[in-house]
Structure formats: structure tokens, C-alpha cells
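The values are calculated or read from the model by the stated rules, or taken from the named source; none is laboratory data. If you're wondering where the values come from, they're calculated on a predicted model, not measured in any experiment. Virtual Cβ from ideal backbone geometry, glycine too; neighbours counted across all protein chains shown.
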Amino acid sequence: MKKLLKILGIVLGVAVLAIIVFVIYVNVRGTGSHEVNVPAIPNVEVTPARVERGERIASMLCKHCHLSPETGKMTGRMLKEVPQFGKIYSRNITKDPEIGIGKWSDAEIIYFIRTGINPKSGKFIPPYMPKLLHISDEDLRSVVAFLRSDMPEVQADKSEFPESEPSFLSKFLSLVAFHPYEYPKHEIPDPDTSNQLAWGKYLTLYQIECFACHSKDFKTMNVEVPEKSEGFFGGGNQMTDEDGKPITTLNITPDEETGIGKWSEEEFIKALRSGIVPNGPALRNPMMPYLTLTDAEAKAIYAYLRTVPKISNEVDRGL
Ligand code: HEC
Ligand code: HEC
């Protein structure tokens, strides 16, 4: 009996030690370092058309996380919406050469946004900074043109936040689940805007990425094949608003009872643009009003969302 206890003690001791070593390893490893292979992409020619297009994309995507209410510029802010991922700060991406990305090449910016590997540090950045795998090359070049432009939001500014402190969960998942993406082998063309469904799919999955927030969990979303994300558009993703109060994303599948199956196109467009919904108080942060969406874009998103599989999932808005 004594011998058995002793063996058990040793086994337990070894197990505890192994766990401690593993925890230390995960913490030291962080979110992982990777080889940096920036492809030879020519510099982006900054034209007024590209700047305008890039600004529009940035206003629906990048500004949400990088625009600071204090400076009015892309100097970053603390991302309170995703406390599970740690103390996360989006960074200063103004043209400032030291604090911002003034010294990054266009190719480095594009490589980072596609793969998730920071070209300067080799560090992999978990899903709190989106990776745009399927966005068209011209859309991406336009975003770069905006970042290099004379627009007031991107002018050099020295405001700085501390480095992000990813949680153990972020580090652990970066070891077992999250991974950088391969740089695309071919030029990715613009969507065919004469095909409403294809265009809607492009906007919803690849450009604005509504599926990321509106599927079940950031931890199980599938950036490569968004349709394979758990609970695709069925809502239930736990986030927090700008004050740190919990808020859950809603079911926007065509399910009549728990989704938006009964919404008319008009109601949908109004909700997207102004946050006003047919069945309750206005939508709150982090669902932001998409003010710059054109009618045709909003209609295309509506048309595409009507084709995704219905999911019956009643989400309580907690109001
Ligand atoms: C959901 C929030 C979010 C969105 C949307 C977002 N970012 Fe980020 N971004 C982050 C966070 C957080 C970091 C910092 C990650 C870290 O801790 O290193 C970051 C880092 C970066 C960096 C690296 C800066 C550096 O010095 O390391 C660049 C460049 C960048 N983002 C560009 C963009 C662009 C361009 C867009 C729009 C296409 C965009 N981001 C959209 C959250 C976001
Ligand atoms: C940053 C995360 C985020 C992104 C990105 C996002 N949403 Fe939302 N959305 C939310 C949250 C959170 C709510 C719930 C707000 C509330 O309860 O007040 C919501 C609510 C909605 C609603 C209301 C549904 C209802 O039943 O009232 C619709 C419709 C919607 N979003 C559509 C979209 C579309 C379309 C996109 C892409 C163009 C999108 N959302 C992008 C987080 C997001």
C-alpha cells in the first residue's frame, strides 16, 4: 500500500512539474515567432482614386480599431472588446517613422495584413488583428495608398501605447490552434459586382468580415474558409462594449424566429447604416454604423445573408 502511494505521489509530482514546465514554455513562447518572407511586391502608386477607395475600406475596418478618439488619428487604442485575449492595444499606424509605420515598406504592410506575421519582429498576431486572406489585391493596395496619403487621420503622430500583453489563452491558442497564413500565390481579383451574390459574399466574408463577430466565437472562426466557422452567422460571440460591459453578437442567419429571416431589405439597410432595428432599441457598440456603405453594397450583403444556412439560436440582448 505504502509503495503504491509512493508511486502515485511520484506520478502526480511529475504531472504537476510537466504542467508547470508547459505553462512556463507557453508564456515564454508568447504568440510565436516565425520566419519573415516578405514577397517582392512593387510599391503602391498613391492615386486619388485609390486613396478614396482605401479610406472607405479603412472606415469600415481599420478605423474601428486603430482610430483614437483622443487624437482623431490612427494612433491606436486599447481594445476592450476582447478581454479574453489579454490587455490588447492596437498600434499607432500613422506615418510617424518611429512610433508609427512610416518606415515599413508597402510590401511589409501587405504581407502583415495577409499573413499575420509582423515583418519587423517575426511575431504572430492572434485574431485581435484581422488577417485579410481573400481581400482583392487592389483593395489592399488602396488601403496602403490611404495609409500613405495626406488624409488627416494618418499624419505622423507620436502618441504611443504600451505593447499588448496577450493572455495565457491567446498564447496557448497560438500554439495549438491559431497560425499564420500563407501569402497568396496568385493575384486576387476584385469581385464581380454584376453578380450580386458573389459581391455580397465578398463584402460579408472577405472585406468587412461580418462573419468574424457574428459567428459563435473568435476562437473557432475559420479565416481560410469562413463558412466552416462554428455557428456561422448564428451569433452568440461574447464581446464587451467600449466600457467593458458584456455584449453578445446576434444571429443574422435567415432563421425566421431567432435570426433576421423576417427582415425586409429596407429594415436591414437601415440597421446597418443607422443601428435602428425593427424589434428593439438601437444597436450598440461594437456593432458600428456602416455609414459609408453604398445602397448597392448593402443590398448585396442582404442578398448574400439570405443564402447562408439558417441556425436556430436565440440570443438574449441583455437589455
Ligand atoms: C479588430 C481590431 C483591428 C482591426 C479591424 C484592424 N487592426 Fe490592425 N492591429 C490591431 C491590433 C490589436 C494590433 C496590435 C497587435 C499587437 O499587439 O502587436 C494591430 C496591428 C497592426 C499593424 C502593426 C503595427 C505595428 O507597429 O506593429 C498594422 C500595420 C495594422 N494593424 C494595420 C491595420 C490595417 C491596415 C487595418 C485595416 C485593413 C487594420 N489594422 C485593422 C487591431 C486591429
Ligand atoms: C466588431 C464586431 C461586429 C462586426 C464586425 C459586425 N457586427 Fe453586427 N453586431 C455586433 C453586435 C455586438 C451586435 C449586437 C448589438 C446590440 O445588441 O446592441 C450586432 C448586431 C447586428 C444586427 C442586428 C440583428 C438583430 O437581430 O437585431 C445586424 C443586422 C448586424 N449586426 C449585421 C452585421 C453586418 C451585415 C456586418 C458586416 C457588414 C456586421 N454586423 C459586422 C457585432 C458586430
Segment 100-111, residues that are within 19 Å of the chain's Cα centre (by Cα) and surrounded by 21 or more Cβ atoms within 10 Å (Cβ to Cβ) = 109, 110, 111
ask   = Filter segment 221-252 for residues that are of a type in the set (Val, Ile, Thr) and free of Cβ contacts under 8 Å to residues at least 60 places away in the same chain; which is farthest from ligand 2 (Cβ to nearest atom)?
value = 225
remark   = Checked against (1) in contact (Cβ under 8 Å) with a residue 24 or more places away in the chain; (2) closer than 28 Å to residue 55 by Cβ; (3) not assigned by TED's automatic domain parsing to the domain that holds residue 299, residue 218 satisfies every condition except (3)
task = Output yes when any residue across segment 225-245 is modelled with pLDDT of 95 or more, farther than 28 Å from residue 129 by Cβ, touching a Phe, Trp or Tyr at 6+ places or on another chain (Cβ under 8 Å) and among the aromatic types (Phe, Trp, Tyr), and no when none is.
result = no
request  = Kindly provide the set of residues from segment 266-319 that are in a loop (DSSP other than H, G, I, E, B) and without any contact (Cβ under 8 Å) to a residue 24 or more places away in the chain, ordered by number.
outcome  = 275, 276, 278, 279, 282, 283, 289, 294
query = Is it the case that residue 257 is part of a loop (DSSP other than H, G, I, E, B) and either farther than 19 Å from residue 201 by Cα or among the β-branched types (Val, Ile, Thr) (or both)?
reply = yes
Checking residue 255 against (1) more than 10 Å from ligand 2 (Cβ to nearest atom); (2) acidic (Asp, Glu); (3) touching a residue at least 60 places away in the same chain (Cβ under 8 Å); (4) surrounded by 14 or more Cβ atoms within 10 Å (Cβ to Cβ), the condition it does not meet = (3)
ask   = Is segment 90-97 home to any residue that is more than 15 Å from the chain's Cα centre (by Cα), part of a loop (DSSP other than H, G, I, E, B) and of a type in the set (A, V, I, L, M, F, W, C)?
value = yes
remark   = Picking from 101, 88, the residue that is within 7 Å of ligand 1 (Cβ to nearest atom), out of contact with any Phe, Trp or Tyr (no Cβ under 7 Å at 6 or more places or on another chain), β-branched (Val, Ile, Thr) and in contact (Cβ under 8 Å) with a residue 12 or more places away in the chain would be 101
inquiry  = Can you find a residue that is within 10 Å of ligand 1 (Cβ to nearest atom) and assigned to a loop (DSSP other than H, G, I, E, B) anywhere in segment 108-118?
reply    = yes
inquiry  = I'd like the residue in segment 119-145 that is aliphatic (A, V, I, L, M), within 10 Å of ligand 1 (Cβ to nearest atom) and in a loop (DSSP other than H, G, I, E, B) and, out of all such residues, is nearest to residue 51 (Cα to Cα).
reply    = 135
message = Need the failing condition index for residue 264 against (1) of a type in the set (Ser, Thr, Tyr); (2) over 20 Å from residue 207 (Cα atoms); (3) within 16 Å of ligand 1 (Cβ to nearest atom), just the number.
response = (3)
request  = Could you please find all residues in segment 1-60 being touching a Phe, Trp or Tyr at 6+ places or on another chain (Cβ under 6 Å) and more than 26 Å from residue 207 (Cβ to Cβ)?
outcome  = 26, 32
